[in-house]
Amino acid sequence: MDFENARFNLVEQQIRPWDVLDPKVLDLLFHVKREDFVPADKRTLAFVDTELPLVNGHKMLQPKVEARLVQDLGLKPEDKVLEIGTGSGHVTALLAGLSRHVYSVDIDPAMKEMAAKNLKKAGITNVTLVEGNGIEGYAAQAPFDAILVGGSLPVVPETLKQQLAIGGRLIVVVGDEPVMTAKLIERESETVFRETGLFETCISRLAKSEAVEPERFSF
């Protein structure tokens, strides 16, 4: 398979049409080899517009969703970033390419090990992988300039909001199937947060042991 041609088509036919136009992000997509972060038997599917299953039953986000979330976080080279849900490490690698350091939390030790191998192979060193319940964030390194949640949640987690620095940004996909909303939460002061809806999508839930569902009313 011609991976470079597939990568070019991915960027031009899937990612640009989804309003991913930041040249830094687009350039990074050519340098971070997505096929090296998918399961070995899925390499030829690395550029398909779908969520790809991982070995633990969870899924990689669609390439266009990954790119849009990373772009909309508005990272700067000096930023300290928290990622919730490491997965295979692909989004981790994109975040690392745009920031000073990434702390990435995953509840599954097997995924942490896989991501570590993938990131090492890619030569990425400004990442710290942490095993833990991502919904609790990572207080040991808070506050963060940016936080990205790699799976959907029923509501915006207050714990993560409180781990933002003043001026920090949190992006999380919130809601229930079939329609969810990617939300940008910006911390303007100790007590003031601004919330903006970015786009509608539908992605897999964060691991069940991390994402606590609210009680539902039945009629």
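Observations on the model:
- Set Lys42/Lys161; Lys24/Lys121; Lys42/Lys80; Lys64/Lys121 screened for pairs whose C-alpha atoms are more than 29 Å apart: Lys42/Lys161; Lys42/Lys80
- Peptides 75-88, 1-14, 127-140 ordered by average Cβ neighbours within 10 Å, highest first: 75-88, 127-140, 1-14
- Above 23 Å, the calculated P(r) of the chain contains 42 percent of its Cα-Cα pairs.
- Axial C-alpha extent at least 27 Å, average Kyte-Doolittle at least 0.0 - helices from the chain (DSSP): none
- Relative to the globular-protein estimate of 2.2 N^0.38 Å, the Cα radius of gyration of the range 1-76 stands at 1.07.
- Euclidean distance between Cα centres, the range 81-110 to the range 149-209, Å: 16 Å
- In the context of the full set of protein chains, the chain has a per residue accessible area of 47 Å² (1.4 Å probe).
The values are calculated or read from the model by the stated rules, or taken from the named source; none is laboratory data. Fair warning: this is a prediction, and the values are worked out from it, not measured in the lab. Quick reminder, even Gly has a Cβ in these numbers, built from the backbone with ideal geometry, and neighbours come from all protein chains shown. Heads up: the accessible areas ignore ligands, DNA and RNA and are worked out on the full protein's heavy atoms, side chains in. Shrake-Rupley method; radii C 1.70, N 1.55, O 1.52, S 1.80 Å.
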